[in-house]
Amino acid sequence: MRGLGDVIPVPARVRPVPAAAFTVGPGTAVRAAPGAAAVADHLAEALRAATGYPAPVLGEAAGSPAPVPGEAAGFSRPLPGEAARRPDPRRSEGEIRLGFEDGHGDEGYRLDVRADAVTVAAQTPAGLFAAVQTLRQFLPVAGAGDAVLPGGRIEDRPRYAYRGAMLDLARHFFTPDEVRSFIDAIAQFKINHLHLHLTDDQGWRLEIAGWPRLTEVGGGPGTGVDGAGPGFLTAAGYAELVAYAADRFVTVVPEIDMPGHVNAAQVAYPELTRDGAAVAPRHDRAVGYSSLCVDREQTYAFVEDVIREVAALTPGLYLHIGGDEADATGAEAYRTFLHRVLPLVAKYGKRAIGWHEVAAVELPDTVVPQFWRTAADDAGVARAVAGGCQVIMSPADRTYLDMKYEADSPLGLDWAGTLDVTRAYDWDPATRLPGVGERAVLGVEAPLWSETLRSLTDAQTMTFPRLAAIAEVAWSPQAARDWESFRRRLAAFGPRWTAQGVTYHRSPEIPWA
Ligand code: TNX
């Protein structure tokens, strides 16, 4: 049996009580307080997959007394097609109760496992969902029959509010089904933001009302690096993805990269170039050669249309405007552009995130620079923090999922060096940059650029196991983290990923099960 603390990310506080193990049996039910039913469904699904038992979800009226296991109390909500099925009163193993209580913050939770019942308490549905991700790791990978949950209490809450992964849909398009599968795979590590890099020189992947050629041309055949990644998201398809993610407490952060990385937009609409002349499609991996024209009003009409449409399709707080590697823009032009565009993001109700180059201008404290380079310090980011900004930490030598694991890895790039699991794990976001301490860190994100990727399997291989390390960096208290403990806990994930259909790199540092 697994120990109570044997989960990723490691919880903030764990108090094992070995004698108090709980057995999930054929009569075990999930009891959901009002407002907790959606999360209870996620738990019940996991219980059914792991045991083969019915694991019904039962409701509970507000303020009703604690229900007696095996009896319907308050209102009761059997599953579709299981109207007559109830926990077997002759062999009830008690309930797993999901309810609300204060004191856990936005995503924290308390998990009490006793022999007669399991109690999950949180302040929010997001906190309950986080607890369910913990509980799932105690269940057998797949199977039939009783499952034993280790006894004791976990009290847990995240170190950082923003824990992200990024998928580059521009260099290689991933279909909505592939993105959904990626969401499933990241949510189990309590990753709560999915940044979608939707536009770049080689492709434009989100339909924008009024600008149909962006996706007709920019998402058409032959787009992507080496022309190997055509496709785009319709506005409706994107909205469905956003909803799917939200159901797993993952917020989608859309990125429209500008003023550089815009060749695909300019191929579709030559009026977005400096002189209105047509430009050729590009499928190579070069960066830094394209730029919107900062002196033409047409540019801002385009940018405002795009920001308005993307904001309208995105319920999340953040809209990423790129801003990286604008080598063809010029320093003064870059400032002009940001001074026009940052207010547009605010106008449509969003907070701007930008790659840390945006810190070249004085930023309002609502804007979030995302640090991505390997340098030991960054004056612009430090200045933004002194002005009140928070930062997302994505140093390439620690978090870039597109870096090779080892020198001979078949996939990936190596401009930031190789990145094995130890390097992804063994750093502290609060000491990475001078002038950027604990409170200035909004969170951590692991970007996956897709120049060398050609399939979901490729994306999974680069993401796992390293994202598990980044998730623990972003969630767990620094003092609770330990590499020897992590590599042992990670080893147990091998069979779990295999059962989930997730391909992972069998890093030699990990004693895989
Ligand atoms: C740098 S990181 C880029 C991307 C590339 C990536 C490859 C950043 C903001 N820009 O355009 O895809 O390197 O690792």
Rounded to the nearest 500, the 222 nm mean residue ellipticity computed for the chain from DSSP H runs (n ≥ 4, each -39500 (n - 2.57)) alone is -8500 deg cm²/dmol
By the mean-Cβ-within-10 Å protection proxy, highest first, 472-483, 353-364 rank as 353-364, 472-483
Under the 7 Å Cα-to-Cβ spin-label approximation, residue 184 and residue 246 lie apart by a distance in nanometres of 2.2 nm
If each part is reduced to its alpha-carbon centroid, region 349-392 and region 1-60 end up apart, in Å, by 40 Å
Computed about the Cα centre, the charge dipole of the chain from +1 Lys/Arg and -1 Asp/Glu charges at the Cβ has a magnitude in debye, to the nearest 20, of 1500 debye
Fraction of alpha-carbon pairs in region 222-350 farther than 18 Å apart, rounded to whole percent, equals 58 percent
Whole-Hz Karplus couplings 3J(HN,Hα) for region 269-281, θ = phi - 60° and coefficients 6.51, -1.76, 1.60, Gly and Pro as x, run 9, x, 5, 8, 8, 4, 10, x, 7, 4, 10, 7, x
Neighbours of residue 487 by Cβ distance under 15 Å: Lys/Arg at +1, Asp/Glu at -1, summed charge -1
Out of 263, 133, 478 - ranked by how far each Cα lies towards the positive end of the dipole of the chain, with unit charges on the beta-carbon of charged residues - the top one is 133
For the pair residue 365 and residue 431, the simple spin-label estimate (label points 7 Å beyond Cα toward Cβ) gives in nm 2.8 nm
Phi angles of region 168-175, converted by Karplus (6.51 cos²θ - 1.76 cosθ + 1.60, θ = phi - 60°) into ³J(HN,Hα) in whole Hz with x for Gly and Pro, give 8, 8, 7, 6, 8, 7, 9, 5
Simple spin-label estimate for residue 239/residue 106, 7 Å along Cα→Cβ, in nm, reads 2.6 nm
Spelling it out for residue 21: with amide H atoms placed in the peptide plane at 1.01 Å from N, the residues 5 or more places away or on another chain with amide H under 5 Å from its amide H are 151
Residues whose built amide H sits under 5 Å from the amide H of residue 171, excluding neighbours closer than 5 in sequence, are 450
About its Cα centre, region 124-180 carries a charge dipole, from +1 on Lys and Arg Cβ atoms and -1 on Asp and Glu Cβ atoms, whose size in debye to the nearest 20 is 220 debye
In order over region 394-411: 3J(HN,Hα) from phi, Karplus 6.51/-1.76/1.60, θ = phi - 60°, whole Hz, x for each Gly or Pro, gives 9, x, 4, 7, 10, 10, 6, 6, 8, 6, 4, 5, 9, 3, 9, 4, x, 9
In this structure, the FRET efficiency calculated for residue 305 and residue 454 from their beta-carbon separation, with R0 = 25 Å, to the nearest 0.05, is 0.15
About its Cα centre, region 373-513 carries a charge dipole, from +1 on Lys and Arg Cβ atoms and -1 on Asp and Glu Cβ atoms, whose size in debye to the nearest 20 is 340 debye
Excluding residues fewer than 8 positions from residue 404 in its own chain, the lysines with Cα under 27 Å of it are 190
For the chain, longest principal axis from Cα atoms; helix 297-313 axis from its Cα atoms; angle between them, nearest 10 degrees, is 10 degrees
Between the Cα axis of helix 331-347 and the main Cα principal axis of the chain, the angle (0 to 90°, nearest 10) is 40 degrees
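Throughout, read-outs are computed from the coordinates displayed, never taken from laboratory work. Source: prediction; values computed, not measured. Don't worry about glycine lacking a Cβ; one is built from the backbone with ideal geometry, like all the others, and counts go over all protein chains shown.
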